[in-house]
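Read-outs throughout are calculated quantities, based only on the coordinates presented, and are distinct from any laboratory measurement. Treat the numbers as computed from the prediction; the structure is a model and nothing was measured. Please note: Cβ atoms are built from the backbone with ideal geometry, for glycine as well, and neighbour counts cover all protein chains shown.
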Amino acid sequence: MEPTTDIKALSRGGIEAAFAELGQPGFRVSQVVRWLYQRGAGSFDEMTDLPAALREALAARFTLSVPEVAARQVSSDGTRKYLVRFADGVSVETVGLPAGERLTVCFSTQAGCAMGCSFCATGRGGLVRNLTPGEMVDQLVLVAADFGQRVSNAVAMGQGEPFANYDATLAGLRFMNAKDGLGVGARHLAVSTCGLLPGIRAFAREPEQFTLAVSLHSARQATRDRLMPGVRKYKVRELREALVAYAEESGRRPTIEYALVGGVNDTGEALGALVRFCAGLLCHVNLIPVNPVAGTGLARPAADAARRFRDALMRAGVEASIRVERGADIDAACGQLRQRAKG
Ligand code: SF4
């Protein structure tokens, strides 16, 4: 019978369990992980330091797929955006952001997304499927190969809601972090969530120092419900409580992502609500002038309005910055490259 499970769909624990069943010693797991993610093996046959019998046993049990770059755009500022296609034809977007010695990758955790945020092109198409841990790691592998440079930072801020695919996302982060994986420091690996509370609570208890970013976009319930209908059931008050608990439990400071939408969440009332949300909460607010997406009717505020909003936050004692825009001349907003490739 042909194997149906891809070895890259497994967490490290999954590979360990499979190797234990095959009667293999633990160090073989590390060898295979190196072949998968450091050397980018395309078949078990290439894994020449594994005994031939083990290579055959693995090939009988698992498939081994390698994704491909289906489209690529390069911005004048060096940002590169990729459409990465997996073995079943499903594709996602990945972005590489170089800055001197640093190379940051924004990777996807799901194909499509069920959250339906009103300013997002991806959300409009709904969820296609979850990505496996290997499909997340391979996005970094492809970007590193394209730049000829190792990945120094990665953030799960591409397509999908990472905490709606929690176990695979954690397994992917662990391969990115592992010495026999990509060796990216845990503090340089970040997850950006819409605010799924069970995920935030679980993430606080993970032993690694991974970084958490939460998309708030409005501290006013009605505005947030409108911008982010997928998380309506979690109230702003509960989200704040979860973040206070997260900071206390993990000792880490979450980032609050706030996409500024002109006339919607950049008003005086919105500012007051955000200041109250952040009071007493260890956090940093990252202001992102929203990317214009055709048909949403949502627009970014003027540049000086964003600066005024940031300055008002700082005066109120809230640490805040405006995200530097990258890749403005390519289809930079999440979901746009994929839609264009579909024609
Ligand atoms: S912004 Fe992120 S969470 Fe919201 S719909 Fe788009 S991909 Fe999903």
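The residues neighbouring Ala178, those whose beta-carbon lies less than 10 Å from its own, together hold a net charge of +3 under the Lys/Arg +1, Asp/Glu -1 convention. For Leu103, the amide hydrogen comes within under 5 Å of the amide hydrogens of Ser152, Asn153, counting only partners 5 or more places away or on other chains and with H modelled in the peptide plane. Full extension of the chain segment joining Thr48 with Ala145 gains 32.7 nm, where the gain is 0.36 nm per residue of separation less the Cα-Cα distance. Here the Gaussian network model covers the chain, with springs between Cα atoms less than 10 Å apart; of Tyr234, Tyr246, Tyr37, Tyr234 fluctuates the most. Take every pair of alpha-carbon atoms less than 8 Å apart whose residues are at least six positions apart; their mean separation over the length of the chain yields a relative contact order of 15 percent. Pairs of Lys residues in the chain that lie 8 or more places apart, or on two chains, and have C-alpha atoms under 28 angstrom apart add up to 5. When +1 charges are put on Lys and Arg Cβ atoms and -1 charges on Asp and Glu Cβ atoms, the dipole computed for segment 150-309 relative to its Cα centre reaches about 200 debye. Considering only Tyr246, Ile256, Val231, the residue lying farthest towards the positive end of the dipole of segment 221-278 is Val231, judged by Cα position with unit charges set on Cβ. Among residues other than His217 with Cβ under 15 Å from its Cβ, the summed charge is +3 (Lys and Arg +1, Asp and Glu -1). When the Gaussian network model of the chain links Cα atoms closer than 10 Å, the mean-square fluctuations of Val105, Val184, Val324 top out at Val324.
For Asp6, the amide hydrogen comes within under 5 Å of the amide hydrogens of Thr63, counting only partners 5 or more places away or on other chains and with H modelled in the peptide plane.
Sorting the segments 152-159, 139-146, 198-205 by their mean number of nearby beta carbons within 10 angstrom, highest to lowest, gives 152-159, 139-146, 198-205.
Of all DSSP bridge pairs formed entirely within the chain, close to 45 percent run antiparallel. Helical runs assigned H by DSSP (4 residues or longer) give the chain a calculated mean residue ellipticity at 222 nm of -10000 deg cm²/dmol, each run adding -39500 (n - 2.57) before division by the residue total. The mean sequence separation of alpha-carbon pairs under 8 Å and at least six residues apart, normalised by the residue count of segment 38-174, gives a relative contact order of 20 percent.
Computed from label points 7 Å out along Cα-Cβ, the spacing between His284 and Ala20 is 4.0 nm. Derived from the Cα gyration tensor, the three semi-axes of the equivalent ellipsoid of segment 16-71 are 21, 12, 11 Å, largest first. Dipole orientation for the chain: of the candidates Asn153, Ala114, Ala18, Ala114 has the Cα lying most toward the positive pole (charges on Cβ; Lys, Arg +1; Asp, Glu -1). When peptides 256-263, 72-79 are sorted by average Cβ neighbour count within 10 Å, with the highest value leading, the order is 256-263, 72-79. The distance between label points at Thr63 and Ala316 comes to 5.1 nm (points 7 Å beyond Cα on the Cα→Cβ vector).
Modelled this way, with points 7 Å down the Cα-to-C-beta line, the labels at Thr4 and Asp304 are 6.3 nm from one another.
Computed over Cα pairs, the Kirkwood radius of the chain leads via Stokes-Einstein (1.002 mPa s, 20 °C) to a diffusion coefficient of 102 µm² per second.
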